[in-house]
1. If you take the square roots of the eigenvalues of the alpha-carbon gyration tensor of region 73-136 and sort them as a ≥ b ≥ c, do you get rounded (a/c under 1.5), prolate (a/b over b/c) or oblate?
2. With r as the distance between the Cβ atoms of Asp59 and Leu124 and R0 = 25 Å, compute the FRET efficiency 1/(1 + (r/R0)^6) and round to 0.05.
3. For the ranges 125-135, 95-105, 67-77, 41-51, what's the packing order if you count other beta-carbon atoms within 10 Å of each residue, average per peptide, and put the highest first?
Amino acid sequence: MKQKILLQILVFLAFLSAINTTIAQDKTKPNFIIIFTDDQGYADLSCFGGTHVSTPRIDQMAAEGAKLTSFYVAASVCTPSRAALMTGTYPKRIDMARGSNFVVLLAGDKKGLNPKEITIAEVLKNEGYITGLFGK
């Protein structure tokens, strides 16, 4: 009888431990990196089977993390696509479908993303993330 009660207590404690571990894991936020490139198909990367470009660090990140295989861009050129990614909106809605004088923003173009637009970086900062943007 005592062994049966002891076994029930041990099972209960193991259950509590598993719940506690799950709750603790839910409180941690995942790290993630968004790599956004121009004129590149996902099959160009060696982690997706590409053979003409060596991408060892991206391959390592893909092997140790998640590889996404179904995605869309808001436009076929950089300016509207980047604006859509940063804001989660269609480029036309935020007047970023094209640059002032060309299909994309060029150096010296005075047009840019309206500072009132809420970006993914702002949302993530409010959730405790440290954000950064590198590149053009």
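Read the figures in this text as sums done on the coordinates, not as results from a lab. For clarity, every value in this text was computed on a predicted model and none was experimentally measured. Please note: Cβ atoms are built from the backbone with ideal geometry, for glycine as well, and neighbour counts cover all protein chains shown.
1. prolate
2. My answer for the efficiency is 0.45.
3. Numbers: 125-135: 9.2, 95-105: 15.9, 67-77: 10.9, 41-51: 13.4.
For the peptides 125-135, 95-105, 67-77, 41-51, the packing ranking is 95-105, 41-51, 67-77, 125-135.
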